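Inspection log for the structure reproduced underneath, given as structure tokens.
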Amino acid sequence: MSAGAAGPRVVLVGPPGSGKSTIGALLAQRLGVAARDTDADVEREAGKPIADIFVEDGEQRFRALEAAAVREALAEHDGVLSLGGGAILDPATRALLAGRPVIFLDVSLGEAMKRVGLDTARPLLAVNPRQRWRTLMEERRPLYTEVARAVVETADRTPEEVAQAVLDVLELTTA
């Protein structure tokens with residue numbers, strides 16, 4: 001981490017549809033800090049949407065941009081940080097997350113599908129989204145739990161309730 005930066009107050013990880021962006025914004029508001037999303041950082045750096053990066057440059061290029069965005073955000077950002085769903089696939093990223101206030105937002109397949117639907121802007125879910133999401137979770141769940149200080153279930157909870165659960169589990173006080 002750079003001198004003077006304590007790092008993010010909260011880092012959110014989880015699959016597509018888990019609510020990372022929504023919960024991140026709520027947490028930032030409650031804590032009186034800025035929210036940052038590494039997917040937005042990647043799009044800004046590349047100058048195009050993630051779906052276009054996948055199609056035009058390939059997943060490997062996207063993952064390299066994503067790893068760089070996470071490294072930079074962990075070093076610079078002291079608010080709430082939401083990581084892209086696959087950011088935890090990179091071993092170096094997982095190592096950087098060690099000891100940080102990482103929360104895995106867990107969501108069921110049914111709930112995730114309600115939230116993301118058949119959103120083709122999510123390139124890894126473009127074909128057979130239900131089966132692809134299930135496969136992604138089988139691959140990623142152990143990695144999400146590896147990096148997380150705590151798991152917060154999102155099922156049957158409003159975004160406000162999920163945000164409060166995150167604050168409670170990390171013992172953070174609001175602004």
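The values are calculated or read from the model by the stated rules, or taken from the named source; none is laboratory data. Quick caveat, the model's predicted, so the values are computed rather than measured. No Cβ is skipped: glycine too gets one built from the backbone with ideal geometry, and neighbour counts run over all protein chains shown. Note: accessible area is taken over every heavy atom of the protein model, side chains too, but ligands, DNA and RNA are not part of it. Shrake-Rupley method; radii C 1.70, N 1.55, O 1.52, S 1.80 Å.
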*Given labels modelled 7 Å from the Cα in the Cβ direction, how far is it in nm from A6 to T174?*
2.0
*At 37 °C and 0.692 mPa s, grab the translational diffusion coefficient of region 30-118 from Stokes-Einstein with a Kirkwood Rh over Cα pairs, rounded to a whole number in µm² per second.*
230
*Residues with amide H under 5 Å from that of D37, placed H, sequence gap 5 or more*: S82
*Amide H within-cut-off set for G17, under 5 Å, with H built and near neighbours excluded*: none
_Taking each pair of distinct Cα atoms in the chain once, what is the resulting Kirkwood hydrodynamic radius in Å?_
16.2
*Mind checking the per residue accessible area of the chain for me, 1.4 Å probe, whole number of Å²?*
48
_Positive end of the dipole of the chain, charges at C-beta (+1 Lys, Arg; -1 Asp, Glu), about the Cα centre: which of V11, V107, L27 has its Cα farthest in that direction?_
V107
*Non-local amide H neighbours of V11 (under 5 Å, H modeled in plane, Pro and chain starts lacking H): which ones?*
L81, V102, I103
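Mean residue ellipticity at 222 nm from the helices of the chain, using -39,500 (n - 2.57) per DSSP H segment of n ≥ 4 over the full residue count, to the nearest 500 deg cm²/dmol? Please list the in-between numbers first.
Values: 8 runs with 93 residues, N = 175.
After summing the helix terms and dividing by residue count, I get -16500 deg cm²/dmol.
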_Whole-Hz ³J(HN,Hα) from phi, Karplus 6.51 cos²θ - 1.76 cosθ + 1.60, for region 161-168, glycine and proline x_ = 5, 5, 4, 5, 4, 5, 4, 5
